[in-house]
Amino acid sequence: MQVVYELKFLGVAVVIGLVQLLWAAGAARRQQDLKWAAGPRDEVMPITGVAARLDRALKNFLETFPLFAAAVLVACLTEKLGPLTAWGSALYVIGRALYVPVYAAGIPMLRSLIWSVSLAGIFMVVAAIFLA
């Protein structure tokens, strides 16, 4: 059976998303009490600092991940896999893995550069669908 690296990278991206979800929720709960978290959350309880940055990083992941997943699945289903999709998938996953700790640390320019790398990865996978 042929190893499909792009699908493995998709799986790793799911793990990254789960880690981000748990990290962001844990950081938020340290600022918001558990009674509020277990309740209906009718009143907004803002978060700040690292917790807020982790929340924004998670929202950013949730914006890009569906695009990456769709691109990888289309590339697989249309048999357009190759070096461009493999490298694109790797760039997305590496970029997303680095993005969160850099954002949490508050390093602005590096964060933007890493985000651009992950976005370039999506573009590479999409390009392979239309160019191959």
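Residues in the stretch 67-81: is at least one assigned to a helix (DSSP H, G or I) and polar (S, T, N, Q)? Step through it out loud before you land on a result.
Going through the stretch 67-81, the residues assigned to a helix (DSSP H, G or I) turn out to be 67-77.
This time we only want the ones that are polar (S, T, N, Q), so: none.
The answer is no; no qualifying residue exists.
All of R29, R41, R53 fail the test of being surrounded by 12 or more Cβ atoms within 10 Å (Cβ to Cβ) and modelled with pLDDT under 95, apart from R29.
Filter the stretch 61-81 for residues that are farther than 18 Å from G11 by Cα and either at pLDDT 95 or above or in contact with a helix residue (DSSP H, G or I) (Cβ under 9 Å, 6 or more places away or on another chain) (or both) and give the result. Scanning the stretch 61-81 gives T78, K80. With respect to being under 17 Å from the mean Cα position of the chain (by Cα) and under 20 Å from G17 (Cα atoms), R29 falls outside the description.
Condition test on L62, is it in a helix (DSSP H, G or I), surrounded by fewer than 21 Cβ atoms within 10 Å (Cβ to Cβ) and within 12 Å of the chain's Cα centre (by Cα)? Yes; evaluated as a whole, the condition is true for this residue.
Filtering the stretch 99-125 to residues that are in contact (Cβ under 8 Å) with a residue 40 or more places away in the chain and assigned to a helix (DSSP H, G or I) leaves Y99, V100, Y103, A104, W115, S118, L119, G121, I122, M124, V125.
Test E43 against the stated conditions and say whether it is among the acidic types (D, E) and farther than 26 Å from L7 by Cα.
It is true that E43 is among the acidic types (D, E) and farther than 26 Å from L7 by Cα.
In the set A37, A13, A25, A52, which member is in contact (Cβ under 8 Å) with a residue 12 or more places away in the chain and within 28 Å of G106 (Cα to Cα)? It would help to see each step written out before you state the result.
Working: A37 fails: in contact (Cβ under 8 Å) with a residue 12 or more places away in the chain; A25 fails: in contact (Cβ under 8 Å) with a residue 12 or more places away in the chain; A52 fails: in contact (Cβ under 8 Å) with a residue 12 or more places away in the chain.
Residue meeting the stated conditions: A13.
Just checking, how many residues over the stretch 82-101 are farther than 12 Å from F68 by Cβ and either surrounded by fewer than 21 Cβ atoms within 10 Å (Cβ to Cβ) or among the polar types (S, T, N, Q) (or both)?
Of the residues in the stretch 82-101, the ones farther than 12 Å from F68 by Cβ are 82-84, 86-87, 94, 97-101.
Narrowing the set further to residues that are either surrounded by fewer than 21 Cβ atoms within 10 Å (Cβ to Cβ) or among the polar types (S, T, N, Q) (or both) leaves 82-84, 86-87, 94, 97-98, 101.
Going through the stretch 82-101 one residue at a time, the tally reaches 9.
The values are calculated or read from the model by the stated rules, or taken from the named source; none is laboratory data. From a predicted model like this one, the values you see are computed outputs, not experimental measurements. Using ideal geometry, Cβ is built from the backbone for each residue, glycine included, and neighbour counts are taken over all protein chains shown.
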